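Only one structure is covered here, and it is reproduced in the block below.
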Amino acid sequence: MKFKRIFVLILDSLGVGEASDANNYGDNGANTLKHIIENNDIFIPNLKKLGFLNTINMDDNDNVEAYYTIAKPINIGKDSISGHYEIIGLESKVPFTTFSTQAFPRELIETIEATIGKRIIGNKVTSGDNILNELGDRHMNYGSLILYTSSNSTLEIAAHEDVVPITKLYSYCEKIRQITQKNEWRVARVIARPFLGKNGKYRFTNDRKDYTLKPPTKSILNYLKENDYSVISIGKLNDIVDGEGITKIIKGSNKNIETINKMTDIMGKNFTGVCITDLSEFDSSYGHQKDDKGYANAIEELDVEIPLILNKLNTDDLLIITADHGNDPTFGNSYHTRENVPVIIYGRNLKNPKKLPILESMADIGATIADNFNVNKTNIGTSFLDKLK
C-alpha cells in the first residue's frame, strides 16, 4: 500500500527500555515510559488503543488499532542528532566531542571572548533552567553571555532579549559555530537560547536556534526534495540537518500542544510528501529536569490530542509515532538514556493492525518513507512498507 502523505511525530526522549548496548553508556535499567507509568497514575486510553503501552514489553495485543513495535538505535551516541540522523537514514559512527566532565577548556573560552567581544560566564555542565536561576541576575547586571553544556555534544549560549537582541545572539552563535569547527572543539550543536523575565524569574522563549554541522551525506530528505516531494519540518529537524532536504520550515514551540496545533494545521493542507514534527517539551522540560510527574502529565496531554490527529488523516495518509532516544527522569542523572524507541504506525485504511517484528534500526522508518515515494534510500535501514496491509 502506498501513501500520499506520511506524518512522523517524534516524541523527543520517550524511550521504551534499555538498548542492547546500554551498558556502554552507563544506562542499564533505563526505561523512560515504563518508569513514568510505574511512578504515576497515568490515563492514556487513546495511546493504549494504538499499542503504545505494549511497546514496553513487546507483548501481544489482538485488540490494537495500529501496528506497533520498537526500533533499536545503531548510531553512536544518544543525543538528538544521532537519533534524528538515524530516523532519516544517516549513519553516524564517529561520536561528536562532549565536554560533560569539566566543561570547556580555557583556550576555547578565551577564543570566543576575543572573537565576539563579549565576556563569558558560567561554563558549567548543567541544565538551562538551573543556570538561568544561578546566573540570570548577573547577566542582567553586567551583560556577560551565559555559556553551558550538557552531557550531549552541545555548546549553549543564553542571553536576555532586553540585554542582547535575538539577531545579535544569533550572530554570536554563528561565529562560535565557526570556531568550533576545530576538531578538539567540534561539538554537534551550538545553541542560541534567548530568554525573558526579570527579578530572578526567567524563562526561555521559543526563539531557540540550533547551529549544527552539515550532514555527512544525503539523507532520504534530500532524495525526496530532489524528486519534488514536500519535506516539512515542524520543530528542531530543520536545525539538526542545517536545512538540508527541507522544503518548508515551521518553528516549533517549547509547549507540545502548540507544536501539535501547527502539525494539525498542516494536515489540513494539500501536499504530497512527508511532514516530520518534534515534540521537544518531553525532553527539555521534564526529562532533563527529572520531573516524572510533569512528564506523565505531558503524555496525558498528548493522549487527548490523539483523536484529533487521527481524524485529520486522509485515507491515503500514514502516521508514524516514534522517539529519538530516551531520557528517563527516574534515572541517576539528568542526561539522555540509551534506549530503544517505540514505533506506532497508523493508517485509516490499514486492515490488519498488529505487533510487528522488532526493527533492527530506527533507519527502517526512513527506508520505509523512501520506499513509499520510490526514491533512493540510504545505506542503512530496511523498509517495512510491505508489512502494512
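What follows is calculated from the coordinates using simple rules that are stated; it is not laboratory data. Quantities reported herein were computed from a predicted structural model and do not represent experimental measurements. So basically every Cβ, Gly included, is an ideal-geometry build from the backbone, and we count neighbours across all protein chains shown.
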message: I want to verify a result. In a Gaussian network model of the chain, Cα cutoff 10 Å, which of these has the top mean-square fluctuation: 107, 134, 339?
response: 107
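Once you keep just the Cα pairs under 8 angstrom separated by 6 or more residues, what percentage relative contact order results for the stretch 106-212?
24
For the stretch 106-212: lysine pairs with Cα atoms under 14 Å, gap of 8 or more or different chains, count? Provide the component values of the computation, followed by the final result.
Values: 118/168; 118/175; 168/209; 175/209.
So the count works out to 4.
With a Förster radius of 41 Å, plug the Cβ-Cβ distance of residue 137 and residue 62 into 1/(1 + (r/R0)^6) and report the FRET value to the nearest 0.05. Please list the in-between numbers first.
On the way: r = 58 Å, r/R0 = 1.42.
Computed FRET efficiency for residue 137 and residue 62 comes out at 0.10.
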task: Quickly rank 281-292, 375-386 as a protection proxy: mean count of other C-beta atoms within 10 Å, highest first.
output: 281-292, 375-386
query: How about residue 225: which lysines have a C-alpha closer than 16 Å to its C-alpha, ignoring those fewer than 8 places off in the same chain?
result: 4, 248, 377
task: Starting from the Cα of residue 351, draw a straight line to each of the aspartates and glutamates and keep only those under 18 Å, dropping any in the same chain fewer than 8 residues away.
output: 60, 62, 65, 316, 317, 386
- request: Sort out for me the Cα centre separation of the stretch 64-132 from the stretch 310-363, rounded to whole Å.
  value: 22
query: Tell me, in nm to one decimal, what length is gained between residue 257 and residue 379 on full extension, where the rule is 0.36 nm per residue of separation less the Cα-Cα distance?
result: 40.4 nm
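Of 78/387; 214/387; 48/93; 2/269; 34/355, which pairs sit farther than 24 Å apart, going by alpha carbon to alpha carbon?
Details: 78/387 28 Å; 214/387 34 Å; 48/93 35 Å; 2/269 19 Å; 34/355 18 Å.
Going by Cα-Cα distance, 78/387; 214/387; 48/93 fall outside the 24 Å limit.
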task: Sort 251-262, 110-121 for me by packing, meaning the mean count of neighbouring Cβ atoms within 10 Å per residue, highest on top.
output: 251-262, 110-121
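What do you get for trypsin sites (Lys or Arg not before Pro) in the stretch 323-375 restricted to DSSP loop and a cutoff of at most 10 other Cβ within 10 Å of the site's Cβ? Working shown, then result.
Details: sites: 338, 348, 351, 354, 355; in loops: 338, 348, 351, 354.
The qualifying sites are 351.
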task: Among 272, 37, 23, flag the residue with its Cα farthest along the positive direction of the charge dipole of the chain, charges on Cβ as +1 for Lys/Arg and -1 for Asp/Glu.
output: 272
query: What relative contact order, as a whole-number percentage, does the stretch 209-255 give when Cα pairs under 8 Å and 6 or more residues apart are counted?
result: 43
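What number, rounded to the nearest 500 deg cm²/dmol, is the helix-based mean residue ellipticity at 222 nm of the chain, given -39500 (n - 2.57) per DSSP H run of at least four residues and division by all its residues?
Details: 11 runs with 116 residues, N = 389.
When only DSSP H runs of four or more count, the value is -9000 deg cm²/dmol.
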Percentage relative contact order, the chain, counting C-alpha pairs under 8 Å, at least six apart: 31
Computed FRET value (nearest 0.05) for residue 297 with residue 93, which takes r as the C-beta separation and R₀ as 35 Å: 0.40
field: Near-label residues of the stretch 54-83 by backbone N, under 20 Å of a point 7 Å along Cα→Cβ of residue 23
entry: 72-78
